[in-house]
Every structure is written in structure tokens, then in C-alpha cells.
Amino acid sequence: MNGNTVHILLVEDNPADARLIEEYINERPWPDIDDRPTIEHVERIDSAIDACVEQVDIVLLDLGLPDSSGIETLERMLDGGDSVPVVVLTGLDDERVGVDAVEQGAQDYLVKNDLTPRLLQQTLRYAIQRERQQQELQQRNAELALLNQVVRHDIRNDVAVILGWGDSMTDHVDETGEIYLDRVLSAGEHITGITETVGDFLDVLEGNSDPELHPITLESVLTSEVEKTRSAHEGASITIAGDLDDELQIAATELISSVFRNLLNNAVIHNDKETPEITVRVEEGEETASVRIADNGTGIPDSQKDEIFGRGEMGLESSGSGIGLYLADTLVDMYDGEIVVEDNDPDGSVFIVNLRSY
């Protein structure tokens, strides 16, 4: 919509259908606009693409035209239509084509024999609104992507300064100080690795690329995250059962540490016991490694074992336990693994992270 006017491009080679559609469009007053919609009628796809050079709010497109037919018509319209929303017109026997058209990028479809003035107006108005919302969302996503890039760049620069200062202190601390300095330097290097990997993670979420998996030593990651969780939650008992194989490697990225960090923190935070007890155990298969994180909390009902990860819902908008579990589940799925939840005996839950060995 441009101000208080709606410009509709009708692409239809059947004169009778075109006249009827124009009558339907003008039969009812349109909310929020002063004048009736303006309608431009063309009969060929080439003419439709040329018409989109001017201001057009929506295209009403018949797929069977003299110079194009079927889904190809829609593809040509979308390629040459300068992001104008498209509503497809189909015959009664071609409703499946309309469904396919929506999957290919049309905003909606209408079956000619089912048309009414109310349905036609409502479909066109909603299609215009959806397209506008999608464009605004794309703009916000682009701005957030730029912000993410800037923030990661600034973090890397600041951490580089910290690491430089830390290295210069190595000759000026005693043995006790060296332990803490090493931890600071290790944490700084970890932050740098995370910022470099977050960009890859976002690209994968947006479908721009596949993650580049490489060997990660499971023992070092688990040991580090368990130690960090112990430091953050001194009242909790966190133990690693059995000996960890320091040669066991999994196919992942550096962000695998975020998976275990979130699962460990979640096991402590959502625990109602006076002393949360967390046990970490690794089980090695022929081609897989399973990390079992068991707690003595309240447990999770079967009906919520998928819901807590936001599965089948709107990701971060889900009613689960927050971004932590959603992030963990998304990352593990990127690594061709899975997270499952079982009941612990006698109380609590066991989060099992199954990953591919490298």
C-alpha cells in the first residue's frame, strides 16, 4: 500500500475472469484507504514483469498464460517482480498447484470457482500485510546480523588486549599466581574461540552453510565445564563417574562447550534439593559417544520432555526452560547428534547427549 491507495496488478488472459475479478475487487469498500484500489490488467508474464517497474502493491497471478504456464509462471514473476507479493489464481482442478505455489514463494492462492468479493479482498489485504511484515523482519535480521558482527569484533579485540597483558605478567607472578593467570588466559582464549564460532552457528541457523565439524577432545571440554559449574555453584555436588578417555574425540565445533555448560547449569538451577547432586558419565560406542548428565531434581513429565527444548514450537518463543536448552538442542542437531531425556532413579532426570565419534 502506498499511502491511502492500493495498486493491484491483475495478470489474467481470460477476459471474462478478468472482468469478474475487477468487479469483485470494487464491490466492497476497502478499510483504511480513501479511494478504491487501482487495477492494472495485463495478459502476459512479460508485461507483468514490466509493469512491476512502477508502484505495485500486489500481483494477482493466473498461472496459465499465453507466454508461460504452471509454476514457471510464478518463478518468473518472483524473479522479475521486485519483491512484490503474489497471490496465485488456480482452477478448481488445480488446487494442488496453488499449494505448491505457496511453497515456492507465493503469499497465498485462490481457487477461481470459490471466489467471493469478501474472500478476494481479505486474501489480498492479508498478503500485502504479510509481505510488509516479512520485509521488516528481514531488515531487522540484517541489522541484528551487523550488530552481532560488530560486537564479536569488539569482543575479540578486547580479549586480545587482555591476553597480551596476561602474557606480559607471566614473569611477574609467583607459583600460586601462575595458576590463576593460566585460568584467565585459558578463559580468554575460550572466549575468542566462541566469538569466531558464533558466526558459523548463525550461518547454519539461517541455512547459509553447513557447520565445519572437526575433532574435539571430549575429556578436556567436560572437565573444564564441570570445573566452571562447580565454581559457579559451590553448594552443588558435581562428580564425574569413572575415568574419562583423554583420546576420545567427537565431531563438533568449539560451541560444544556451550551444550554441556547449559545442561550442567540447568541441572543445578532447576533442582529443588538442598544439595543438588549432578553425575556426569561418558559411555563410548563403536561410532558414538554418549554423555549422561544425571541430577536428583524433581524430574520432567513425559509430556514435557520435548517441549523443554522448544521442539515443534517457535524456538526461542517456546515455553521451555529458556534459550539454554534450545541452544543446546540446536547445536547437537547441527552435529548430527541428539539429546534425549530419561527419568533418573529414584529422583530427577538424565540428559543424554549422543554425539558422533571422530
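The values are calculated or read from the model by the stated rules, or taken from the named source; none is laboratory data. Keep in mind the model is a prediction, meaning the values are calculated, not measured. Here the Cβ is made from the backbone with ideal geometry for all residues, glycine too, and neighbour counts use every protein chain on show.
Going by what's in this entry, would Gly242 be described as closer than 23 Å to Val340 by Cα, modelled with pLDDT under 90 and part of a loop (DSSP other than H, G, I, E, B)?
Values: closer than 23 Å to Val340 by Cα: yes; modelled with pLDDT under 90: yes; part of a loop (DSSP other than H, G, I, E, B): yes.
Taking the combined requirement at face value, the residue satisfies it.
Can you pull out the residues in region 247-267 that are under 18 Å from Gly297 (Cβ atoms), surrounded by 19 or more Cβ atoms within 10 Å (Cβ to Cβ) and at pLDDT below 90? Break it down into steps so the answer makes sense when it comes.
If we filter region 247-267 for residues that are under 18 Å from Gly297 (Cβ atoms), which is where we start, we get 260-267.
Keeping just the survivors that are surrounded by 19 or more Cβ atoms within 10 Å (Cβ to Cβ) gives 260-264, 266-267.
The answer is Arg261, Asn262, Asn266.
Just checking, how many residues over region 76-96 are touching a residue at least 24 places away in the same chain (Cβ under 8 Å) and either over 18 Å from Asp13 (Cα atoms) or in contact with an Asp or Glu (Cβ under 6 Å, 6 or more places away or on another chain) (or both)?
9
Go through the residues of region 255-278 one by one and say whether even a single one is in contact (Cβ under 8 Å) with a residue 40 or more places away in the chain and in contact with a Pro (Cβ under 6 Å, 6 or more places away or on another chain).
Scanning region 255-278 turns up no residue that is in contact (Cβ under 8 Å) with a residue 40 or more places away in the chain and in contact with a Pro (Cβ under 6 Å, 6 or more places away or on another chain).
Out of the residues in region 283-332 that are part of a strand (DSSP E or B) and among the β-branched types (Val, Ile, Thr), which is modelled with the lowest pLDDT? Step through it out loud before you land on a result.
Residues of region 283-332 that are part of a strand (DSSP E or B), as a first pass: 283-284, 288-295.
Now drop any that are not among the β-branched types (Val, Ile, Thr), which leaves 288, 291, 293.
Working: Thr288: 94, Val291: 97, Ile293: 97.
So the residue we want is Thr288.
Could you list, in sequence order, the residues of region 25-51 that are of a type in the set (Asp, Glu) and touching a residue at least 40 places away in the same chain (Cβ under 8 Å)?
The answer is Glu27, and nothing else.
Kindly provide the set of residues from region 271-282 that are surrounded by fewer than 16 Cβ atoms within 10 Å (Cβ to Cβ) and either charged (D, E, K, R) or at pLDDT below 90 (or both), ordered by number. Steps first, answer last, please.
Looking only at region 271-282, we keep the residues that are surrounded by fewer than 16 Cβ atoms within 10 Å (Cβ to Cβ), and these are 272-275.
Within region 271-282, Asp272, Lys273, Glu274 meet the criteria.
I'd like the full set of residues that are among the acidic types (Asp, Glu) and touching a Lys or Arg at 6+ places or on another chain (Cβ under 9 Å), limited to region 51-86.
Within region 51-86, Asp62, Asp67 meet the criteria.
Could you tell me whether Glu54 is free of Cβ contacts under 8 Å to residues at least 60 places away in the same chain and within 19 Å of Leu124 (Cα to Cα)?
On the way: free of Cβ contacts under 8 Å to residues at least 60 places away in the same chain: yes; within 19 Å of Leu124 (Cα to Cα): yes.
Judged against the criteria, Glu54 is a match.
Let's see how each residue does on (1) closer than 21 Å to Glu103 by Cα; (2) out of contact with any strand residue (DSSP E or B) (no Cβ under 7 Å at 6 or more places or on another chain); (3) among the aliphatic types (A, V, I, L, M):
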site	(1), (2), (3)
Arg28	no, yes, no
Asp32	no, yes, no
Val56	no, no, yes
Gly80	yes, yes, no
